[in-house]
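Contents: one structure, followed by commentary.
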Amino acid sequence: RIAYVNGRFLPHSHAEVHVEDRGYQFADGVYEVVLVQNGVMVDEMPHLDRLDRSLDELRIAHPMSRGALRSVMRELVRLNRIRNGLVYMQVTRGVAKRDHPFPKNAKPSIVLTAKRISMPSQETVENGVKVITIRDIRWERCDIKSVSLLPNILGKQEARENGAFEAWQVDADGNVTEGTSSNAWIVTQDGELVTRPATNDILNGITRLSILKLAERQGLKYVERAFSVDEAKKAREAFASSATAFVTPVTQIDDVVIGNGKAGTLSRGLRDSYMEYAA
Ligand code: PDD
């Protein structure tokens, strides 16, 4: 495998950053994960727009022009011979002697890696997955795709220890914000598609935006509003979305089976349309 580090393509085993990189010391950085399908970057521009936004919100300088970054992404996909996989990119504020305020002259560090991924099993697509619910203990800027992910990894680990695919985080009002690395959706008993509005409480998923566009095009009834754990447990269908999970049907929330325990019709339809859109 080949990685890209600050201007150079290197063997994965030699791809290293400095011990005083602020990403390492302070999680002072942002990232993106872009899906590659049939050798093509899915929703590349929206991902790069979101990267720019995350950088701007944290006042981290842009490490290179968009054109240059797109070339690096393409070269990395080519060098790693990836048809179906992911590109991971991370930008941090750079290397500086450890001190909390922004360093004066640091240059942002940029790292890209790429890997192949396999499609989820037919069993997952048909029977869906379990999610657990946990308290959302994150900060008030979840709209920034920061590499500071401790609450997310603690939540995902708890999910794994409970045999679940994902943990849905719940705010102080009892409403679901999102998963630890995916957005959360339900279909109500009235057949309405619901997902939380994109405020500072969630990451505005690029997959989420594409699904909303597909729903709009198909004339599906949808609304962006908060929904509670109780409402989710009474939902007809539920699913999770992300660049890596696509549309993953959810058929169990904590101990409650959703619908008839099989992936819902609308979820499957949206999964198919998204896969077609991405192909
Ligand atoms: N995670 N919410 C959170 C907290 C996320 O970390 C992600 C993505 C999403 C979905 O966003 P998108 O549809 O743009 O992938 C929502 C990536 C995949 C990750 O951390 O690996």
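Side notes on the structure shown:
- Candidate set: region 246-279, residues that are part of a loop (DSSP other than H, G, I, E, B) and touching a residue at least 12 places away in the same chain (Cβ under 8 Å); chosen: the one nearest to residue 179 (Cα to Cα): 254
- Answer residue from region 105-121, given it is farther than 30 Å from residue 274 by Cα and modelled with pLDDT under 95 and is surrounded by the fewest Cβ atoms within 10 Å (Cβ to Cβ) among those: 105
- Residues of region 212-228 classified as out of contact with any Gly (no Cβ under 7 Å at 6 or more places or on another chain), over 23 Å from residue 132 (Cα atoms) and not aromatic (Phe, Trp, Tyr), total: 10
- Complete set of residues in region 54-68 that are more than 22 Å from the chain's Cα centre (by Cα) and of a type in the set (A, V, I, L, M): 61, 64, 68
- The single residue among 80, 84 that is at pLDDT 95 or above, surrounded by fewer than 20 Cβ atoms within 10 Å (Cβ to Cβ) and farther than 19 Å from residue 8 by Cβ turns out to be 84.
- On the stretch given as region 187-198, residues that are part of a loop (DSSP other than H, G, I, E, B) and away from the ligand (no atom under 13 Å from the Cβ) total 6.
- Positions within region 199-229 being away from the ligand (no atom under 15 Å from the Cβ), farther than 18 Å from residue 151 by Cβ and either of a type in the set (S, T, N, Q) or in contact (Cβ under 8 Å) with a residue 24 or more places away in the chain (or both), in sequence order: 218, 220, 221, 222, 223, 225, 226, 227, 228
- For region 225-276, filtered to residues that are touching a helix residue (DSSP H, G or I) at 6+ places or on another chain (Cβ under 8 Å) and surrounded by fewer than 17 Cβ atoms within 10 Å (Cβ to Cβ), the residue that is farthest from residue 175 (Cα to Cα) is 262.
- Residue that is surrounded by the most Cβ atoms within 10 Å (Cβ to Cβ) [pool: residues in region 161-186 that are part of a strand (DSSP E or B) and away from the ligand (no atom under 13 Å from the Cβ)]: 186
The values are calculated or read from the model by the stated rules, or taken from the named source; none is laboratory data. Everything quoted here is computed from the prediction, not taken from an experiment. Neighbour counts are summed over all protein chains in view; Cβ atoms, including those assigned to glycine, are modelled from backbone coordinates with ideal geometry.
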